[in-house]
Amino acid sequence: MSEINFTIGCVEQATTGGMDPLSPPISVSKNGSLAKWRDKIRLLDLRVNDPGLSRFRSQVEDTIVRAKSLNLATLITLPEAIPELIEPPPPPPPKPDDPPRPKGKPFTNPPVAYFKPCYLAVPRSIPDPSAFQTLSVEDCLPILDLAAEHGLTEAIVPVSEPGLFLDPQAVIELQKKLAAICRHAKEKKIQIHLRNGGMSMDLFHRLQREFGCMLALNVGIAQLERTDLLDIYNTNRKNIKILLFQQVLPGLDRWKARREAMASNIKIYKERFAEFKAAGKAGEIRGKGTPLSCMLRSFHDYQDSCRNTNFNLGLFQSGEINFVPLLRELRADLEQGQDRFLIMEMVPNIKNSEFLGRYLLPEIFSGNF
């Protein structure tokens with residue numbers, strides 16, 4: 001039997017000034033630090049939320065350098081969300097019986113972060129096209145250049161979001177942009193992996209033939225779209241090197257409802273905050289229906305809509321996906337000497353890798369883990 005070689009990794013999503021589009025965050029830096037996960041993971045999926053690296057290049061590069069210093073392999077994921085930082089509510093005034101605050105920096109709330117979805121192509125049929133931003137080729141090339149500078153060889157391209165399938169016009173736009181991106185990636189010796197979600201397998205096969213792309217298979221997204229996970233893996237196993245493991249409980253309706261609620265509530269918050277600012281001193285008056293009260297209510301509504309209790313659960317937690325049949329197929333490929341990157345797309349927990357090891361490691365293990 002050949003040596004079994006698979007690499008387990010986690011997601012680093014908080015790369016843009018400490019922000020993260022998920023709540024609770026799934027990034028390793030938000031759950032300790034990269035050093036905390038030394039010897040527990042071997043791989044980092046570095047998700048860049050900064051098109052063109054126009055604002056946070058140094059943070060992204062620092063993360064690559066830190067990962068390399070900890071002997072973590074790193075792959076890069078092109079942007080799927082663009083952060084908008086909005087002014088936060090003012091700190092509450094101290095109560096008469098509160099002790100005086102120590103001297104130093106005054107207390108300020110952190111900015112309110114909203115993450116706008118972005119993809120290379122967006123269907124024209126969606127009800128509110130302004131809810132998405134379309135990426136340009138120029139948004140992606142600097143990210144690939146930085147990855148190549150540090151010797152990274154794998155890049156994931158999210159095609160769309162779960163259930164939002166591309167229409168013919170969007171497919172044409174995607175093909176044109178992918179042609180340039182894949183050509184540039186090939187020059188930099190980087191392999192492009194297209195992530196499922198809003199991408200039919202017929203479209204993937206067409207793009208794979210045309211550009212030599214591989215498939216980054218997110219099993220949680222496959223479950224949300226009610227596709228046959230084993231069929232996808234068995235049909236495309238020669239083109240799958242990266243698997244993203246995510247345990248999901250609700251269906252697409254809950255997935256979409258959360259995103260729509262966040263988009264709606266951030267819009268209301270910005271309107272209420274503008275009204276509060278315009279009211280000047282009168283806006284600071286407390287009481288039901290005042291500009292201050294309305295602004296704070298809208299802020300808490302937005303915070304509530306951001307909470308995510310269903311989409312980033314651990315593999316070992318109860319959920320809808322039975323991973324065991326897929327893991328048996330995966331182990332068969334590992335025993336044939338094929339390499340795989342297995343990425344935990346969830347709140348980091350060492351029990352996740354223990355779960356995978358239970359089914360993927362032979363009883364007498366001598367390979368690389």
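Within the option set 256, 241, being among the basic types (Lys, Arg) and modelled with pLDDT of 95 or more holds for one residue only, 241. Taking the stated definitions as given, is residue 110 closer than 27 Å to residue 269 by Cα and either surrounded by fewer than 19 Cβ atoms within 10 Å (Cβ to Cβ) or in contact with a His (Cβ under 7 Å, 6 or more places away or on another chain) (or both)? Yes; evaluated as a whole, the condition is true for this residue. The residues in region 252-270 that are open to solvent by less than 30 Å² (accessible area, probe 1.4 Å), over 25 Å from residue 221 (Cα atoms) and among the hydrophobic types (A, V, I, L, M, F, W, C) can be counted, and the count is 1. Number of residues in region 271-306 that are part of a helix (DSSP H, G or I) and either under 25 Å from residue 260 (Cα atoms) or open to solvent by less than 40 Å² (accessible area, probe 1.4 Å) (or both): the value is 24. For residue 166, the requirement of being in a helix (DSSP H, G or I) and at negative phi is not met. Considering 45, 50, 39, the condition of being farther than 23 Å from residue 356 by Cβ and either open to solvent by 50 Å² or more (accessible area, probe 1.4 Å) or touching a strand residue (DSSP E or B) at 6+ places or on another chain (Cβ under 7 Å) (or both) is satisfied by 50 alone. When region 55-74 is filtered for residues that are within 20 Å of residue 141 (Cα to Cα) and either among the acidic types (Asp, Glu) or without any contact (Cβ under 8 Å) to a residue 12 or more places away in the chain (or both), the ones remaining, listed by number, are 58, 61, 62. Screening 313, 342, 330 for residues that are open to solvent by less than 70 Å² (accessible area, probe 1.4 Å) and either more than 28 Å from the chain's Cα centre (by Cα) or at pLDDT below 90 (or both) leaves exactly one candidate, 313.
Does residue 77 satisfy the condition of being buried (at least 17 other Cβ atoms within 10 Å of the Cβ), on the phi < 0 side of the Ramachandran plot, modelled with pLDDT of 95 or more and among the hydroxyl-bearing types (Ser, Thr, Tyr)? So residue 77 fits the description; yes. Taking only region 190-211 into account, find how many residues are open to solvent by 10 Å² or more (accessible area, probe 1.4 Å), in a loop (DSSP other than H, G, I, E, B) and in contact with a helix residue (DSSP H, G or I) (Cβ under 7 Å, 6 or more places away or on another chain). Going through region 190-211 one residue at a time, the tally reaches 1.
Each residue in region 221-250 was checked for being in a helix (DSSP H, G or I) and either open to solvent by less than 50 Å² (accessible area, probe 1.4 Å) or without any contact (Cβ under 8 Å) to a residue 24 or more places away in the chain (or both), and 11 of them qualify.
Which one is farthest from the chain's Cα centre (by Cα), of the residues in region 51-82 that are farther than 16 Å from residue 149 by Cβ and charged (D, E, K, R)? Here the answer is 55.
Among the residues of region 1-28, those that are at pLDDT below 85 and either among the basic types (Lys, Arg) or not in a loop (DSSP other than H, G, I, E, B) (or both) comprise 5, 6, 16, 19.
The values are calculated or read from the model by the stated rules, or taken from the named source; none is laboratory data. Just so it is clear, the model here is predicted, and its values are computed rather than measured. Cβ: placed from backbone, ideal geometry, glycine included. Neighbour counts: every protein chain shown. Note: accessible area is taken over every heavy atom of the protein model, side chains too, but ligands, DNA and RNA are not part of it. Shrake-Rupley method; radii C 1.70, N 1.55, O 1.52, S 1.80 Å.
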